[in-house]
Amino acid sequence: MDTPLPGYTPWPAADTELYRSLGYWTGETFDDLLRARASTTPEAIAVVDDQHRWSYRELDRRVTTLASGLAELGIVARDRVLVQLPNIAEFVEVIFGLFRLGALPVFCLPAHRKAELAPIAQASGAVAIVTAHHHQLFDHAALARTVRAEATALRHVIVVGDRDGTAVPEDTLGLADLRGPAREFERVAASDVAFLQLSGGSTGIPKLIPRTHDDYLYSVRRSAELCALDADTVYLAALPVAHNFPMSSPGILGALYAGGTVAMSPDPAPSTAFAAVERFGATITGLVPPLARLWAERAEAGTPHDLSSLRVLLVGGARCPDELAARLGPALGVTLQQVFGMAEGLVCYTRLDDPQEIIVASQGRPMSDHDQIAVVDEAGAPVPAGTDGLLQTKGPYTIRGYYNNPEANARSFTEDGWYRTGDVVCLRPDGNLVVRGRRDDRVNRGGEKVSAEELEEHLLAHPSVRDAIIVSVPDSHLGERTCAFVLAADIAKPPTLGDVRKFVRERGVAAWKLPDLLEVIDTFPETGVGKTSRRALRSALAQRSAGS
Ligand code: OOB
């Protein structure tokens, strides 16, 4: 199709020209990629998990069958489809099935519940949802049916059946049953949006991130190069695979790009993932810092599992303390690569051959020569070299706008197209960045982001809560945790942490967003500058909790 997807902000024509002429945007689509691998190395193993071991030929065959089945349901190019799947081989089958059809996966996390999925379904206009039947004792098929009842356009609930063969619920469709007459699919343009990713922490209308084949494949290709992937790579997906980090930094897509293998670990805890490393011969994986610490502790204590296949460990999603970074290589017998990235685009890596000091004490540098970064003050003016400031960026794989969300775009992008990351960083003279924290009210709970505003809205609905402010408090395990400062509606009957957690959970909110701590106080502190903005209150409370 020649016209861009409505609601998508393309790069300006001059940039498009530049990125094409540089060979960054190649015109290849994700479907082209799979077809190419299936034709050049059909026997190589593309995906493995506890139950499946699919060659590129087998994956390609399944993708055609699935795409035909989806087409049979009336799903067409550019339709949006929510994908909420755990780390199983079918994840790869489903997203490439959608790519073949030209339909857009919308990447949801298994931890999402109704409070997240219903607004995502509505904002994306999704026509279908693909989900697991049960996962970790939770009935995802039931959740998907509740979401369908609320989302105007959502017609189909497609369920990956349980591994014990239990029948899928009546008014849903089993993934394995989807097939249709073989057909030719019209090739989509590489400049088209390939999928929608989610931004961490949003209120109201979710911030959906449109990524094109051209821009995302460039980031995958460059990541694969910088992480030295090749056909012998076995990438272990330990973090939830729908997240941008295990998806593309270099992630499962990097492994497929390199003609290697994607190995799925059902969860990232050492007890499960070490067995998966051994069984699949994983060579590389990615972890958030708290998990990396658990892996190091377990390995140092001695593990019966053979981890010797593992050569590279990427750590990112939240700040990796220098002390931990120094420990990971020796503990796990790997080269550490720090990665500082965001679903909106920019990804920075330390390089495999960097001196140890850079690997340990920085979050790396942008992966593209054409990533532009600026470190600015509140007014947008550059800060003096070597001082902390706010990071802004633009470049060949950083979006120019969220999907269909002018209000968020006005806040998050400058008029000339720079993305305001919200991260406070220091740019070192050697070009590497050190991440100091964030300016806004997002708590980074070991890589899982919590919007203070979003959680406050849930707390305010509690009958015993008159007002609530969420701040982050330092935590030795997660980096940060959420603390709710609350004014009680009736001081004689203050709410407890248990009450509010239960209340928020019952509103259908993902478990990682429940407050970790609760402090009932009489009044919010004076901010001293005559300002009563929530931001000022948050920083006053954060200072208070840091001092206590
Ligand atoms: C990754 O993506 P998102 O979209 O979930 O979160 C992005 C935010 C960044 O703006 C920053 O605040 C934080 O997560 N972050 C880090 C970090 N990596 C991400 N903060 C400190 N140090 C790091 N190394 O989290 C993501 C996407 C692609 C690759 C890696 C992470």
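Between S533 and V76, with labels modelled 7 Å along Cα→Cβ, what's the label distance in nm to one decimal, could you check?
Once both label points are built, they end up 4.6 nm from each other.
Rg(Cα) of the chain divided by 2.2 N^0.38 Å?
Numbers: Rg = 23.0 Å, N = 548, 2.2 N^0.38 = 24.2 Å.
For the chain, the normalised Cα radius of gyration comes out at 0.95.
Just to be sure I follow: if Rg is taken over the C-alpha atoms of region 302-396 and Rh is the Kirkwood radius over the same atoms, what is Rg/Rh? Intermediate values should be presented prior to the final figure.
Values: Rg = 15.9 Å, Rh = 15.0 Å.
With Rg and the Kirkwood Rh in hand, the quotient comes to 1.06.
Which value at 222 nm does the chain reach when only helices count, each DSSP H run of 4 or more adding -39,500 (n - 2.57), with the total divided by all residues and rounded to the nearest 500 deg cm²/dmol? It would help to have the intermediate numbers written out before the result.
Numbers: 17 runs with 179 residues, N = 548.
After summing the helix terms and dividing by residue count, I get -10000 deg cm²/dmol.
Among 229-236, 163-170, 281-288, 105-112, how do they line up from the highest to the lowest mean number of other beta-carbon atoms within 10 Å? Could you put the intermediate results ahead of the total?
Working: 229-236: 20.6, 163-170: 10.9, 281-288: 24.8, 105-112: 22.4.
The densest-packed peptide leads the list: 281-288, 105-112, 229-236, 163-170.
Got the relative contact order for the chain handy, in percent, Cα pairs under 8 Å and 6 or more residues apart?
Relative contact order comes out at 11 percent.
How big is the charge dipole of region 105-167 about its Cα centre, in debye rounded to the nearest 20, if each Lys and Arg gets +1 on its Cβ and each Asp and Glu gets -1 on its Cβ? Kindly include the intermediate steps, with their values, before the conclusion.
Numbers: 6 positive and 5 negative charges, 28 e Å.
That gives a dipole near 140 debye.
Give me the percent relative contact order of region 188-230, please, defined on Cα pairs under 8 angstrom at least 6 residues apart. Intermediate values should be presented prior to the final figure.
Values: 37 pairs, mean separation 15.5, N = 43.
Reported relative contact order: 36 percent.
Among DSSP beta bridges whose residues both lie in region 443-547, state the antiparallel percentage, nearest 5.
Details: 13 of 17 bridges.
Of all bridge pairs located within region 443-547, approximately 75 percent are antiparallel.
May I ask you to evaluate 6.51 cos²θ - 1.76 cosθ + 1.60, the Karplus curve with θ = phi - 60°, for each residue of region 460-469 and list the ³J(HN,Hα) values in order in whole Hz, giving x for glycine and proline?
4, 6, 6, x, 8, 10, 8, 7, 8, 9
With both bridge residues required to lie in the chain, what share of the DSSP beta bridges run antiparallel, to the nearest 5%? Present the calculation step by step, with values, prior to reporting the outcome.
Working: 47 of 84 bridges.
Beta bridges within the chain, antiparallel portion: roughly 55 percent.
If you put +1 on each Lys and Arg Cβ and -1 on each Asp and Glu Cβ, how big is the dipole of region 443-547 around its Cα centre, in Debye rounded to 20? Present the calculation step by step, with values, prior to reporting the outcome.
Numbers: 15 positive and 15 negative charges, 26 e Å.
Computed about the Cα centre, the dipole is about 120 debye.
Just for the Cα atoms in region 13-158, what are the lengths along the principal axes, largest first, rounded to whole Å?
45, 43, 28
On the first, second and third principal axes, largest extent first, how far apart are the outermost C-alpha atoms of region 443-547 in Å?
Projected onto the principal axes, the Cα atoms of region 443-547 cover 36, 32, 20 Å.
Got a sec to turn the phi values of region 535-546 into Karplus ³J(HN,Hα) couplings, 6.51 cos²θ - 1.76 cosθ + 1.60 with θ = phi - 60°, whole Hz, x for Gly and Pro?
My calculation for region 535-546 gives 4, 5, 5, 4, 6, 5, 5, 5, 5, 4, 6, 5 Hz in order.
With every protein chain left in place, what is the accessible area per residue of the chain in square angstrom, probe 1.4 Å? Please report the intermediate quantities before stating the final value.
Values: 21570 Å² over 548 residues.
Value returned for the chain: 39 Å² of accessible area per residue.
Two decimals, Cα atoms only, Kirkwood Rh: what is Rg/Rh over region 354-501?
Details: Rg = 19.0 Å, Rh = 17.9 Å.
Answer for region 354-501: 1.06.
How much of the accessible area of the chain, probe 1.4 Å, is carbon plus sulfur, in whole percent? Can you show the working numbers first?
Details: 11150 of 21570 Å².
Carbon and sulfur together cover 52 percent of it.
Taking the Cα centre of the chain as origin and charging only Cβ (+1 Lys, Arg; -1 Asp, Glu), how large is the dipole, in debye to the nearest 20?
Numbers: 55 positive and 69 negative charges, 112 e Å.
The calculated dipole for the chain is roughly 540 debye.
Compute the distance in nm between two label points, each set 7 Å from the Cα along the Cα-to-Cβ direction, one at R466 and one at A301.
4.7
Kirkwood hydrodynamic radius (Cα pairs, Å) of region 428-502? Don't skip to the end; give the middle numbers.
Working: mean 1/r = 0.0715 Å⁻¹.
That comes to 14.0 Å for region 428-502.
Can you give the net charge of the other residues whose Cβ lies under 13 Å from the Cβ of Y218, counting K and R as +1 and D and E as -1? Before the final figure, lay out the partial values.
On the way: positive: R20, R211, R221, R222; negative: D15, E28, D214, D215, E225, D369, D371.
Neighbourhood net charge equals -3.
Would you please give the residues with an amide H less than 5 Å from that of G395, counting only those at least 5 places away or on a separate chain, with H modeled from the backbone geometry?
Q372
Whenever you get a sec, line up K114, K207 from highest to lowest accessible area (probe 1.4 Å, protein heavy atoms). Don't skip to the answer; put the middle values down first.
Values: K114 65, K207 35 Å².
The residues order as K114, K207, largest area first.
Taking θ as phi - 60°, what are the ³J(HN,Hα) couplings along region 472-486 by the Karplus curve (6.51, -1.76, 1.60), each to the nearest whole Hz, with x for Gly and Pro?
After applying 6.51 cos²θ - 1.76 cosθ + 1.60, I find 8, 10, x, 9, 5, 8, 8, x, 9, 10, 9, 10, 9, 8, 10 Hz.
Classify region 97-196 from the C-alpha gyration tensor, please: rounded if a/c falls under 1.5, else prolate or oblate depending on whether a/b exceeds b/c. Numbers along the way, then the final one.
Working: a/c = 1.97, a/b = 1.26, b/c = 1.56.
The shape class here is oblate.
For region 273-397, what is the percent of antiparallel DSSP beta bridges, rounded to the nearest 5?
Numbers: 12 of 21 bridges.
Here the share of antiparallel DSSP bridges comes out near 55 percent.
Going Cα to Cα from K502, which lysines come in below 21 Å? Please leave out same-chain ones fewer than 8 positions away.
Straight-distance partners of K502: K114, K449, K493, K513.
Amide H to amide H under 5 Å from V465: which residues, 5+ apart in sequence or cross-chain, H placed 1.01 Å off N in plane?
Amide H to amide H, under 5 Å and 5 or more residues apart or across chains, V465 pairs with A489.
Once you order the gyration tensor axes a ≥ b ≥ c over the Cα atoms, which shape class does region 186-279 get: rounded for a/c under 1.5, otherwise prolate or oblate by comparing a/b with b/c?
On the way: a/c = 2.51, a/b = 1.28, b/c = 1.95.
The shape class here is oblate.
Only residues of region 100-144 count here: report those whose backbone N is under 11 Å from the spot 7 Å along Cα→Cβ of A153, or say none.
Residues passing the 11 Å test: 104, 121-128.
Can you tally the net charge around I358? Count Lys and Arg as +1, Asp and Glu as -1, for every other residue whose Cβ sits under 14 Å from the Cβ of I358.
Details: positive: R351, R365, R428; negative: D322, D353, D354, E357, D430.
Spelling it out: positives minus negatives among the neighbours equals -2.
Less than 18 Å from a label point 7 Å out along the Cα-to-Cβ axis of E378: which backbone N atoms in region 431-456 qualify, by residue?
Only 437-442 fall inside the zone, counting backbone N under 18 Å.
For R113, what residues show an amide H to amide H distance below 5 Å, using hydrogens built from the backbone and excluding near sequence neighbours?
Hits under the 5 Å cutoff: A510.
Based on the Kirkwood radius over alpha-carbon pairs, what is the Stokes-Einstein translational diffusion coefficient of region 209-327 at 37 °C with 0.692 mPa s viscosity, in µm²/s? Walk me through the numbers on the way to the answer.
On the way: Rh = 14.4 Å.
Answer, rounded: 228 µm²/s.
The values are calculated or read from the model by the stated rules, or taken from the named source; none is laboratory data. Predicted, not measured: the structure shown is a model, and the values here were computed from it. Cβ: placed from backbone, ideal geometry, glycine included. Neighbour counts: every protein chain shown. Ligands, DNA and RNA are excluded from the accessible area calculation, which covers all protein heavy atoms including side chains. Shrake-Rupley method; radii C 1.70, N 1.55, O 1.52, S 1.80 Å.
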